[in-house]
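Asker: Pasting in a structure now, in structure tokens, and then I'll have a few things to ask.
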Amino acid sequence: MPLPYVLLSAAVSLDGYLDDTGPDRLLLSSPADFDRVDAVRASVDAILIGAGTIRADNPRLLVNSAERRAARVASGRPAYPLKVTVTATGDLDPGAHFWHTGGEKLVCTTDKGAEVASRLLGDTADVVALGADLDWRALLEHLHDVRGVERLMVEGGGRVHTQLLTQGLADELQLVLAPLLVGDPAAPRLFGPGEYQGGRLRLVETRRIEDVVLMRYEPTAPGAGPVPTAADRRWLRTACELAAQCPPSETAFSVGAVVVAADGTELARGHSREGGDPVVHAEEAALARIDPADPALPGATVYSSLEPCARRASRPAPCAELILRSGARRVVTAWREPDTFVAGADGTGVLRDGGAEVVVLPEFEALAKAPNAHLTA
């Protein structure tokens with residue numbers, strides 16, 4: 001199911017703390033960075049925080065700039081993004097600023113928590129029960145499918161950030177590093193223990209803002225089974241964008257492919273008909289760039305904008321067979337191959353029969369089809 005783009009936003013001290021243990025909130029950002037955060041809030045459809053952050057900080061969570069609110073209204077959106085909180089127990093303070101400022105509010109909770117939250121809040125907020133336990137994927141699906149949230153900003157706390165990142169549901173981390181040291185082991189940290197991705201996240205941007213530094217990162221590690229991660233979506237989008245680089249053809253599809261190791265390292269990429277070869281396929285071109293003995297291949301994921309071919313006339317081995325020979329056992333694709341050139345094409349079947357996991361993300365089908373519109377009209 002399509003999910004919102006999830007942006008984690010936080011400011012930390014040099015030693016990784018979100019706050020100290022004093023009675024007042026430790027201000028880590030600079031005035032200019034607070035304005036940047038305000039602009040990010042104005043750009044999203046919803047802002048989410050955990051119930052613990054409401055209890056600890058009593059935030060209003062507003063778009064403070066009147067000009068930004070006016071721009072939202074002019075574009076057909078409400079002045080304020082939807083405000084969302086997550087709680088397992090439903091134990092919420094009805095007098096908190098969160099409920100009495102801004103626009104619409106939503107509580108996502110458990111079945112038991114919904115009874116408590118509804119009794120405490122009345123008609124102050126909508127309350128949604130997600131089942132016996134909190135399920136982040138179900139929560140995000142609800143936000144996307146029912147509330148129309150395309151971009152979600154998550155402002156804490158540390159447990160929420162940790163859960164979203166370890167479950168592969170965070171698309172981006174915007175981290176502000178402040179020139180302060182806390183040093184108190186009892187103070188809250190940004191991330192707790194968990195099974196994070198191996199390898200390195202991708203640094204997208206660094207920016208000095210007065211005396212703090214903004215760093216933007218993207219997770220890179222593929223998923224490990226049938227459930228896609230945010231990184232899977234990013235890599236598949238890259239493959240679809242590569243398809244647009246293919247020399248045009250009336251007799252073959254334009255396809256892009258990327259091969260990514262389990263730790264998020266890009267091993268190779270390719271696209272159809274690259275390098276002057278009129279019959280080379282995207283997956284074939286990418287795999288040809290990798291040493292067959294590379295130990296990363298067996299754990300790698302192959303991203304292809306179009307289902308890898310099961311039969312072809314131009315070369316002895318179709319791409320589905322090449323993938324299986326490489327040792328890769330996970331393929332993520334956007335679009336099942338139509339019968340335009342090969343009747344009954346079923347690269348997915350070949351891959352699954354060979355022991356590979358195939359994940360199809362139909363939300364990228366339109367992007368994959370775009371450079372092939374002249375063939376599918």
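Every read-out reported here was derived from the displayed coordinates using simple, explicitly stated rules and does not represent laboratory data. Bear in mind that the values here come from a model prediction, so they are computed numbers and not experimental data. Quick reminder, even Gly has a Cβ in these numbers, built from the backbone with ideal geometry, and neighbours come from all protein chains shown.
Asker: Pull out the extension gain between ILE209 and ARG311, defined as 0.36 nm times the separation in residues minus the alpha carbon to alpha carbon distance; nm, one decimal.
Answerer: On the way: separation 102, 0.36 × 102 = 36.72 nm, distance 5.47 nm.
Extra length available between ILE209 and ARG311 comes to 31.3 nm.
Asker: How big is the Cα convex hull of the stretch 5-218 in projection, averaged over all directions, in nm²?
Answerer: In nm², the orientation-averaged hull projection of the stretch 5-218 is 12.1.
Asker: I want to verify a result. In a Gaussian network model of the chain, Cα cutoff 10 Å, which of these has the top mean-square fluctuation: LEU361, LEU120, LEU152?
Answerer: Sorting by GNM fluctuation, first place goes to LEU120.
Asker: For the stretch 155-249, with equal point scatterers placed on the C-alpha atoms only and solvent neglected, what are the log10 I(q)/I(0) values from the Debye formula at q = 0.11, 0.19 1/Å, to two decimals?
Answerer: -0.44, -1.03
Asker: On a straight-distance basis, which aspartates and glutamates could pair with LYS369 in a cross-link, Cα separation under 19 angstrom, same-chain partners fewer than 8 positions away excluded?
Answerer: The reachable aspartates and glutamates, counting only those whose Cα sits under 19 Å from LYS369, are ASP232, GLU241, GLU250, GLU274, GLU283, GLU307, GLU337, ASP339, ASP346.
Asker: I need to check one value: relative contact order of the chain, counting alpha carbon pairs closer than 8 Å and at least 6 residues apart, in percent.
Answerer: Relative contact order of the chain: 14 percent.
Asker: Something else about it: Can you give the Rg to Rh ratio for the stretch 230-376, taking only C-alpha atoms and Rh from Kirkwood?
Answerer: Taking Rg over the Kirkwood Rh, I get 0.92.
Asker: Take the alpha carbon gyration tensor of the stretch 77-136, find the square roots of its eigenvalues, order them as a ≥ b ≥ c, and report rounded if a/c is under 1.5; if not, report prolate when a/b exceeds b/c, else oblate.
Answerer: Numbers: a/c = 2.40, a/b = 1.49, b/c = 1.61.
Taking the square roots of the gyration eigenvalues as a ≥ b ≥ c, the stretch 77-136 is oblate.
Asker: Taking neighbour counts of Cβ atoms within 10 Å as a proxy for exposure, in what order, fewest first, do MET215, MET1 appear?
Answerer: Sorted ascending by nearby Cβ count, the order is MET1, MET215.
Asker: Return the Cα extents of the chain along principal axes one, two and three, sorted largest first, each rounded to a whole Å.
Answerer: 71, 42, 41 Å, listed from the longest principal axis down.
Asker: Grab the DSSP H runs of the chain that are 4 residues or longer, score each as -39,500 (n - 2.57), total them, divide by all residues and round the 222 nm result to the nearest 500 deg cm²/dmol.
Answerer: Per the formula, -8000 deg cm²/dmol.
Asker: Any idea what the relative contact order of the stretch 5-218 is, in percent, if you count C-alpha pairs under 8 Å spaced at least 6 apart?
Answerer: 31 percent.
Asker: Taking the dipole about the Cα centre of the chain, with the C-beta of Lys and Arg at +1 and of Asp and Glu at -1, give me whichever of PRO188, VAL332, SER30 is farthest to the positive side.
Answerer: The residue sitting farthest along the positive end of the dipole is VAL332.
Asker: Continuing with this model, one more query. Would you grab the residues whose amide H sits under 5 Å from the one on LEU267? Only those 5+ places off in sequence or on another chain, please, with H modelled 1.01 Å from N.
Answerer: HN-HN under 5 Å from LEU267: VAL259, VAL260, ALA261.
Asker: When the chain is fully extended, how far beyond the present Cα-Cα distance does ASP263 get from ASP126, taking 0.36 nm per residue of separation?
Answerer: Roughly 45.4 nm would be gained on extension.
Asker: Can you give the charge dipole size of the chain about its Cα centre, rounded to the nearest 20 debye, using +1 on the beta carbon of Lys and Arg and -1 on the beta carbon of Asp and Glu?
Answerer: 400 debye
Asker: Next question, about the same structure. Can you work out the FRET efficiency for the pair LEU134 and ALA288, with r the C-beta to C-beta distance and R0 = 35 Å, to the nearest 0.05?
Answerer: That pair, LEU134 with ALA288, gives E of 0.15.
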